[in-house]
Amino acid sequence: MTHELSETPEAEPGTRASAHPAHRLRWNKVPEVTAYFWIIKVLCTTVGETAADLLDEKAGLGLTGVSVLMSALLAVVLVVQFRTTAYRAGVYWLAVALISVVGTLISDNLTDNMGVPLEASTGAFALLLTVVFVVWYRRERTLSIHSIDTTSREAYYWLAVLFTFALGTAGGDLVSERMDLGYWLAAVLFALAIAAVAIAHFALGLDAVWSFWIAYILTRPLGASIGDYLSQPTDDGGIGLGTVVTSGLFLTVILGLVVHLAVTRKDVGEANAQSH
């Protein structure tokens, strides 16, 4: 699923795309949706799962303390992201990796510390994400990630991303527990669901924007299942690499890919590339 499933980047005629001209930036703040995008996204979701577990185990701050620490770090990185005037691979993907960890921690706090049932947290996150999409669309008349070129659109975008990670975490855990799937089978199930979305878009004409966001949500439980399969002990259905090795391995791959993109700019849109 590349180029946001072939979505047209421009807003529809008569929309509010120019409602905030004073705040409009020259370039889009989000990368082109290529194969690199989906690969790094899945890797980041895996790190979100394993790094959250690792920090909870090793930091000695408790789940709540780790959540506060990582949220503060995410806030700092998002300030840097918002202050950039165009897409920067390093800053952008660091924000995604951190938001993956924070989204996981939010869901885990609700389940483990507050005793909120997964059915309730999944429903709550789905509702919150829906509210973000409704307000975003009513305000901007587009949910296209090819048009993240104003401060308000970027704010809606990152808020939506946060809730997709939280929803994917809670929903993925709910499906895995209710169906009593092992990590490997869960990963296959979510991969098949993503493939079904791609087929629905390319063969059946499912709207590009919704195809993108549905696939984006589904990559979270896919990555989490892969991370758990690699990191958890063999007695629990994993292969026992541990959270340290798994997190380090995936972070290394992410770093290599992000450096490659920063140098080659293969995920920079044509308009952005011509302007630099």
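Numbers at a glance
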item	result
Qualifying positions in the stretch 55-103 - among the charged types (D, E, K, R) and part of a helix (DSSP H, G or I)	Asp56, Glu57, Lys58, Arg83
Verdict on Val244 being in a helix (DSSP H, G or I), out of contact with any Pro (no Cβ under 6 Å at 6 or more places or on another chain) and over 26 Å from Gly171 (Cα atoms)	no
Scope the stretch 93-111; condition surrounded by fewer than 22 Cβ atoms within 10 Å (Cβ to Cβ) and among the hydroxyl-bearing types (Ser, Thr, Tyr); matching residues	Thr111
Single residue of Tyr137, Tyr157 found to be out of contact with any Pro (no Cβ under 7 Å at 6 or more places or on another chain), of a type in the set (Phe, Trp, Tyr) and open to solvent by 40 Å² or more (accessible area, probe 1.4 Å)	Tyr137
Count of residues meeting criterion [closer than 23 Å to Gly240 by Cα, in contact with an Asp or Glu (Cβ under 8 Å, 6 or more places away or on another chain), at pLDDT 80 or above and open to solvent by 10 Å² or more (accessible area, probe 1.4 Å)] in the stretch 18-57	1
Close pairs (7 angstrom Cβ cut-off, 6 or more residues apart or separate chains): among the charged types (D, E, K, R) in the stretch 177-188, part of a helix (DSSP H, G or I) and open to solvent by less than 50 Å² (accessible area, probe 1.4 Å) anywhere	Glu177/Leu118
Condition check for Phe37: among the aromatic types (Phe, Trp, Tyr), farther than 18 Å from Gly172 by Cβ and out of contact with any helix residue (DSSP H, G or I) (no Cβ under 7 Å at 6 or more places or on another chain)	yes
Lone unmet requirement of (1) modelled with pLDDT of 95 or more; (2) closer than 23 Å to Lys29 by Cα; (3) open to solvent by less than 30 Å² (accessible area, probe 1.4 Å) for Ala208	(1)
Where Gly115 falls short, out of the listed (1) on the phi > 0 side of the Ramachandran plot; (2) in contact with a helix residue (DSSP H, G or I) (Cβ under 8 Å, 6 or more places away or on another chain)	(2)
Filter pass, Ile214 being outside any helix (DSSP H, G or I), open to solvent by 60 Å² or more (accessible area, probe 1.4 Å) and in contact with a helix residue (DSSP H, G or I) (Cβ under 9 Å, 6 or more places away or on another chain)	no
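Each row is one residue, and each column tells you yes or no for (1) over 30 Å from Asp53 (Cβ atoms); (2) of a type in the set (A, V, I, L, M, F, W, C).
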residue	(1), (2)
Asp108	no, no
Pro117	no, no
Ala120	no, yes
Gly123	no, no
Leu127	no, yes
Trp136	yes, yes
Glu140	yes, no
Thr150	yes, no
Ala155	no, yes
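The values are calculated or read from the model by the stated rules, or taken from the named source; none is laboratory data. If you're wondering where the values come from, they're calculated on a predicted model, not measured in any experiment. Counting neighbours? That spans all protein chains shown, and the Cβs are built from the backbone with ideal geometry, glycine included. SASA here: full protein model, heavy atoms, side chains in, ligands and nucleic acids out. Shrake-Rupley method; radii C 1.70, N 1.55, O 1.52, S 1.80 Å.
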